[in-house]
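Derivation of every value follows stated rules applied to the coordinates shown; laboratory data play no part. Every value quoted in this text rests on a predicted model; they were computed, and no experiment measured them. All Cβ positions, glycine included, derive from the backbone under ideal geometry; neighbour counts span all protein chains shown.
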Amino acid sequence: MDRLIDDLALTYRLRHDAGAAALEPADIGELLAQSVQSAAAHPGYGGARVRCLTPARPIVAGIHAPWFSRVVVNLVANAMIHNPPETRLTVELRETPGGGWRVDFRDDGIGMDAETASLLFERYYRGTDTDRAPEGSGLGMAIAKTLVQAMGGRIEVRSAPGKGTTISLAWPPDASVEDVMERIATA
């Protein structure tokens, strides 16, 4: 119940003042690795099923660390909860041409049909049979999308039944702290 109340409060705050959080330079690889490790430690996920790959050279970008961590936790949870127990998840950070960066969350799970994938980031949408996976409020993916956008990134999903799912977070080369803050201020 507490988690649902927290999710509802967060969605309200995000709708009314998403730009309120300060973006600060952070080593994205370090933050990602810590967030994945924390999420994978959930006893129901079997931490060995989740791995995180980061480049040797640090990627430093403007981010709000608590929001970024929340996005990572939501995406790891989504992959682990809505797939069979043997599903593996690889989370990979890489630099993109021109100095941008992206994080891919690739699982080898059951995948989704086009309709489910198109509705994945809608509030209260739950694409699974709630008898099989009763966890969640239907807000986690919508929250993830809103947080990523508020930090200057974008989120997309690629999936097909029986082929697994990849959810990608991408930040453009101009996602410096100043550029992102300017975009938030003018949004």
Grab the Cα-Cα distance for S168 and A41, subtract it from 0.36 nm times how many residues apart they are, and report the gain in nm with one decimal. 43.5 nm
Rounded to one decimal in nm, the spacing of the 7 Å Cα→Cβ label points at R94 and A56 is 1.6
Could you list the residues of the stretch 45-85 with an amide nitrogen less than 15 Å from a label point located 7 Å from the Cα of I110 in the Cα-to-C-beta direction? 78-85
Under a 5 Å amide H to amide H cut-off, with H placed in plane at 1.01 Å, what residues pair with T96 once short-range neighbours are removed? W101, R102
